[in-house]
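First up is the structure itself, then whatever we jot down about it.
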Amino acid sequence: MSRQINKERTRRRLLQAILKTIQRHGLGTLTTGRVAQLAGVAQPTFYVHFRSMDQALEQVAEWVAQELDSGLSPEAAAELDRAAEVLEEAVRKCTGSLVQDRKVAEVFLSNRRDQTSPLGRRWSVLTGSLRERMRQIVVQVRPDAAPADAALHAELLVSMIFGLAEAQLDGRVDGLDRATSTASRAIVTSILSTSSVADAA
């Protein structure tokens, strides 16, 4: 096995150890010694891969964001009559992606608002991207929606996705498909019943 492959495996083990430490003990407990021990390497090995804990956290945030982003990419509906169906599928896909890896989901959900850490800053960008994608789908469901209403419904969708993910992880929701379907239909009903831009004028 090549030296480069071994180096990448060690780096990945260190990133996973950082995630496990945050999940088990919180962000404030991160030390290079604790991470190295959990990864099964000597502490100086940490510095072979990262200049500092902040750089390591930035790489963890980027790695997790890439994992989540692949599932948080709802597709646009080509036809207006399918837009509501696409919205429901987007919510199901996004929520399912979040709960797919419990460890990643718990770290993401518990640190997503912390703008002082690289994790929180990166995930804030990811959340903003999700919010914009949901706004675009809302506009497809209701092309004449007032911009403020489209933004409000996008915010409701993002909050619903995070809330359903937390409920699934906590065991408060049994059937994720049923829960996302019910919640999505309620949002679609709300979108369709709001006033249009023409009505607001």
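The values are calculated or read from the model by the stated rules, or taken from the named source; none is laboratory data. Just so you know, these numbers come straight off a predicted model, no measurement behind them. Cβ coordinates were reconstructed from backbone atoms using ideal geometry, including for glycine residues, and neighbour counts include every protein chain displayed.
At-a-glance table
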{"quantity": "Any hit, region 155-173, residues being farther than 20 Å from Ala61 by Cβ and among the β-branched types (Val, Ile, Thr)", "calculated": "yes"}
{"quantity": "The lone exception for Arg113 - which of (1) in contact (Cβ under 8 Å) with a residue 40 or more places away in the chain; (2) touching a Gly at 6+ places or on another chain (Cβ under 8 Å) it fails", "calculated": "(1)"}
{"quantity": "Condition met for Leu130 (more than 12 Å from the chain's Cα centre (by Cα) and touching a residue at least 40 places away in the same chain (Cβ under 8 Å))", "calculated": "no"}
{"quantity": "All positions within region 65-103 that are in contact with a Phe, Trp or Tyr (Cβ under 9 Å, 6 or more places away or on another chain) and modelled with pLDDT of 75 or more", "calculated": "Thr95, Leu98"}
{"quantity": "Subset tally (residues that are more than 19 Å from Asp54 (Cβ to Cβ) and either of a type outside the set (D, E, K, R) or not assigned by TED's automatic domain parsing to the domain that holds Thr45 (or both)) for region 4-22", "calculated": "4"}
{"quantity": "Residue check, Ala150 without any contact (Cβ under 8 Å) to a residue 60 or more places away in the chain and over 15 Å from Ala65 (Cβ atoms)", "calculated": "yes"}
